[in-house]
1. Based on alpha-carbon positions alone, could you give the equivalent ellipsoid semi-axes of region B:29-402 from the gyration tensor, as √(5λ), descending, whole Å?
2. Shape of region B:25-115 from its Cα gyration tensor (a ≥ b ≥ c, root eigenvalues): rounded if a/c is under 1.5, otherwise prolate when a/b > b/c, or oblate?
3. Where does each of A:65-72, B:111-118, B:16-23 land if you order them by average Cβ count within 10 Å, highest first?
4. Would you mind putting B:91-100, B:200-209 in packing order, based on average other-beta-carbon counts within 10 Å, highest first?
5. In nm, to one decimal, how far is the residue A:120 label point from the residue B:197 one, both placed 7 Å along Cα→Cβ?
6. How many partner chain Cβ atoms sit within 10 Å of a residue's Cβ in peptide B:14-27, on average, as a whole number?
7. Please state, as a whole number in µm²/s, the translational diffusion coefficient that the Stokes-Einstein equation yields for region B:287-349 at 25 °C and 0.890 mPa s, with Rh defined as the Kirkwood radius across alpha carbon pairs.
8. Would you calculate a helix-derived [θ] at 222 nm for chain B, using -39,500 (n - 2.57) for each DSSP H run of n ≥ 4 and dividing by the full residue count, to the nearest 500?
């Protein structure tokens, strides 16, 4: 196991991310609502650079009480990272695809100590 | 610093956008290519794209008709906010990048400093390097809707202007770039002239029809065209497209639904008419390629046509075999977008279409549903020779491209 320094906490925007390389491995470290999450930069779909994609809130469809559709809106509580290759979306907190949770990013252990953000990799 | 803690190296690109270099966007594909050892493989991409409308002001200077050519020059010089002169389009083009989620679909706007060749040559080279391609066959993009143009003559004008520009500004400048010239198919006699005019140009390895159109492929007026193409020994491709205004798709309220059906529908109709009217019997040496419809539709259509044919043989008297047998011998298919969600279904599909000889790899780069060679390389039921055939050897044999000894596997 190896501990790798990513940066100081105050170097991260919130929401924001840093994508780093550790040897052949690439890892995206995300800050969201003060918490940190880290994922391998390798989309389960076709191996795209998922952590280098754009951040979008989850999209919701607004339904009336009679199940009629009233358009779409943003889910302000859930942020997605979107793979720039093909658009696969993943919840930044869970790493899961919103439409098929079995498709998920590979997690990396992240630690915050004394204002420093570290990841632990094999 | 604590000796136990290594510093991470920030990636040069933190967020990919429309200005990111193709080589950075596709860096993971390059990494896979090196790991897989593609240097010893022949890899041919039968369907990639460039955005020809980015060069439209150049292309219109190749219009043969002097009046339309001058109209187009004035239009592009003076009209503000102008769409490309003479070109029809489709609403769906506005939605392809999923609202900004897939930047390379919205635009490949990276810097290109090398001005010695056309920008599209450089962009194509960068993608070829990333995918480890030996050859890339390039197609236009908005022109895929030309078959629906209300002015039949404009299809002729723009196809020939594009072909002329492509043969002058792009194809001669890299031996790896190839094209299947676009035929003005709604005007059969003009399509024949296009075959004569461009069929032997450098880099032209076939002919293509944009599939989104309503002309029947079995109409007698096309027999001379098919005979001419058969004589050249080069294949004829049907490049799929969608058409949201088509009544059959008008109820689809999302690009997702419309595109999923539309990109298959045109080729399903043309293939049905192609086979049931015995075109493979009439032109047995004419090879057809069915481009960018994926593969899942093929087993469906094979089963439907075989079942119906056996009950209604009198309506397809030219056929001496089952429709599916023409579909997996006289017809070839490009792989993208490979529907790989159910591996049993994929294996069955590969078996039914005889993928080992009939399947041709395609990326469709830079579109949102592009495939890298890895989709074939990672197929668990294929052996290495089958992968090599699909990724390049099948195409090399079909198009007569060189296969170096070390690429045979």
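1. The equivalent ellipsoid of region B:29-402 has semi-axes of 30, 26, 21 Å.
2. It comes out prolate by the Cα gyration axes.
3. Per-residue Cβ counts within 10 Å, averaged per peptide and sorted highest first, yield B:16-23, B:111-118, A:65-72.
4. For the peptides B:91-100, B:200-209, the packing ranking is B:200-209, B:91-100.
5. My value for the distance between the label points is 6.9 nm.
6. That works out to 3 on average.
7. 192 µm²/s
8. So the helix-based figure for chain B works out to -11000 deg cm²/dmol.
Every read-out reported here was derived from the displayed coordinates using simple, explicitly stated rules and does not represent laboratory data. This is a predicted model, so every value here is computed, not measured. In this analysis, Cβ positions are derived from the backbone assuming ideal geometry, glycine residues included, and neighbour counts consider all displayed protein chains.
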